[in-house]
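The values are calculated or read from the model by the stated rules, or taken from the named source; none is laboratory data. In this text the structure is predicted, and so the values were computed from the model without any measurement. Don't worry about glycine lacking a Cβ; one is built from the backbone with ideal geometry, like all the others, and counts go over all protein chains shown. These area figures cover heavy atoms from the full protein model, side chains too; ligands, DNA and RNA do not enter into them. Shrake-Rupley method; radii C 1.70, N 1.55, O 1.52, S 1.80 Å.
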Amino acid sequence: QVQLVESGGGLVQAGGSLRLSCAASGSILSISTMGWYRQAPGKQREFVASVISGGSTNYVDSVKGRFTISRDNAKNTVELQMNSLKPEDTAVYYCNADVTTAQFIPRIPRNYWGQGTQVTVSS
């Protein structure tokens, strides 16, 4: 079974920075897309950023220029550097990945979620 474990959330003042990390483990053959989503209280989960194995990235407009996503393919990890944080960035942040494992046949990517990590930005 594949597990995604996030770390790095916490409480920070507006204008501050946090770095989220996510490590994937299990019988992993390959990971295509890794990304981050977030869900604020009373709102739907939304896409934040993603990075494919080749390194191309994508961001939601509201975080462009403030957040940077990166990954280490050898370690099966993805990080989200969040700068200039705003109160509206407050949410539970979830790691997401499309993983091909040795566990299933056919060997096609399946989508996995982490358990989430809380980010709170105070004004």
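Within the assembled protein chains, the solvent-accessible surface assigned to Tyr94 is about 40 Å², based on a 1.4 Å probe.
Evaluating kT/(6 pi eta Rh) at 20 °C and 1.002 mPa s, with the Kirkwood radius of region 83-123 over Cα pairs in the Stokes-Einstein relation, gives 171 µm² s⁻¹. Accessible surface area normalised per residue over the chain is 52 Å², counting heavy atoms of protein chains with a 1.4 Å rolling probe. Note on region 47-93: with charges restricted to the Cβ of Lys and Arg (+1) and Asp and Glu (-1), its dipole about the Cα centre is near 80 debye. Within the accessible area of the chain, the carbon and sulfur atoms contribute 48%, probe 1.4 Å, all protein chains present. Ala14 sits among other residues whose Cβ lies under 14 Å from its own Cβ, and their net charge, with Lys and Arg +1 and Asp and Glu -1, is 0. Here the chain is assigned +1 on the Cβ of each Lys and Arg and -1 on the Cβ of each Asp and Glu. Its dipole about the Cα centre then comes out at about 80 debye.
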